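Below is one structure, written out as structure tokens; the observations come after it.
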């Protein structure tokens, strides 16, 4: 499970936790997060690849 | 593809109007020329006269534009470099006015009210330039980020670059955000809270960012430090060029400039609040969490900043592509008129408290309410 960080606002998406508020189940890999999903905190789109790996395991 | 080819091509009717933002920066210089031509000292105050009298009237007369660019046109709009250059061009104009003002303050013998008028006029320009810095600072292009900090240097508000994106956008319309004003909070109570809160927040964010990179907090790559550093360099150069007499001018315009940004912050989210979800996080920022204004005249002068609802819901969208949403709360005038209202708290409360209550169907437990009123309101509102 990895964590991804938004380069605009520093929000972290943790694959282990998912994003249940947005209907993304715990354990959802970054690749499987829908393309139209955007950063929960600042709205930066996934499609523009504003996320970087911060922790890989 | 063929459907796109045959559909009548959408044209941006505001395309050339966006060029007006840059010459607005030169209005204090026009004021100086008018003083010369007429001999009337009043024209040292030309910029506030234009912004507080001409703009609200023009907003009321010209009215609103609720048209949105069709989604099919957005990608082309955002790729069109023309719109970026329309923003860049405002920054050299801002500096022309700042330097011209320092030259006047340093060389002309002005009465104190003329000196003050000059400093306030230039402060409005450097304050409006924070809207330019705002448009630039949202982009990931290093040139635009650099230009954003340059546009902030005259007001000494370099930390806005960090705080706005990583602080304000994350916490907007919550009680935790220093830059979101609360129902029942006057502008004069909001001002010290937001100034101190924004600085504290920016420093905390940069400190954490430097730690993650394994760098010391005091490092030139700390965006609060490198942006702040431009201000003493700029002020120092102007003092060397024109003498110590320009120092009060520089300080007055800086304080007036960032206070202008803060009064705009005050009216952008007044009383609006995001719901806390069972998970403890706040709901996503929706267009309903920012006050919107479609008044054409002031929107053109501020690069669409007043279409604030879409901006917060979609912060990477360029100003030329921002949309109006029917369900977002609407301000009754453009920013210039609303600023005048905010300066006069009883009037502000009379107009805006009613609007906040209407927005939440009378249930103020849903609003972002000043702590002083929170307990009082929670009692009868047991919906």
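The values are calculated or read from the model by the stated rules, or taken from the named source; none is laboratory data. All values reported here derive from a predicted model rather than from experimental measurement. Because the Cβ atoms are built from the backbone with ideal geometry, glycine has one as well, and the counts that use them run over all protein chains shown.
If you go through segment B:285-319 and pick out every residue that is assigned to a loop (DSSP other than H, G, I, E, B), without any contact (Cβ under 8 Å) to a residue 24 or more places away in the chain and within 10 Å of chain A (Cβ to nearest Cβ), you end up with 1.
Here is the figure for segment B:338-365: residues that are modelled with pLDDT of 95 or more and surrounded by 12 or more Cβ atoms within 10 Å (Cβ to Cβ) total 19. Counting only helices (runs of 4 or more DSSP H) that sit completely within segment B:335-380, those holding 2 or more residues that are more than 20 Å from residue B:191 (Cα to Cα) correspond to B:345-359, B:371-378. Looking across segment B:18-44, the residues that are in contact (Cβ under 8 Å) with a residue 24 or more places away in the chain, over 19 Å from the mean Cα position of the chain (by Cα) and closer than 19 Å to residue B:129 by Cβ come down to B:28, B:29, B:31, B:32.
Just so you know, in segment A:13-51 the residues that are within 11 Å of chain B (Cβ to nearest Cβ) and in a strand (DSSP E or B) include one that is modelled with the highest pLDDT, and it is A:19.
Condition check ((1) more than 26 Å from residue A:39 (Cβ to Cβ); (2) within 14 Å of chain A (Cβ to nearest Cβ); (3) part of a helix (DSSP H, G or I); (4) touching a residue at least 40 places away in the same chain (Cβ under 8 Å)) across all residues:
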| position | (1), (2), (3), (4) |
| --- | --- |
| B:157 | no, no, no, yes |
| B:173 | no, yes, no, yes |
| B:191 | yes, no, yes, yes |
| B:198 | no, no, yes, no |
| B:201 | no, yes, yes, no |
| B:208 | no, yes, yes, no |
| B:217 | no, no, no, no |
| B:247 | yes, no, yes, no |
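Answer with yes or no whether residue B:282 is within 13 Å of another protein chain (Cβ to nearest Cβ), buried (at least 21 other Cβ atoms within 10 Å of the Cβ) and in contact with a strand residue (DSSP E or B) (Cβ under 8 Å, 6 or more places away or on another chain).
Judged against the criteria, residue B:282 is a match.
Kindly evaluate residue B:322 against the criterion of being without any contact (Cβ under 8 Å) to a residue 24 or more places away in the chain, buried (at least 18 other Cβ atoms within 10 Å of the Cβ) and at negative phi. The answer is yes for residue B:322. Once segment B:219-228 is narrowed to residues that are away from every other protein chain (no Cβ under 14 Å) and in contact (Cβ under 8 Å) with a residue 40 or more places away in the chain, the residue that is farthest from residue B:340 (Cα to Cα) is B:226.
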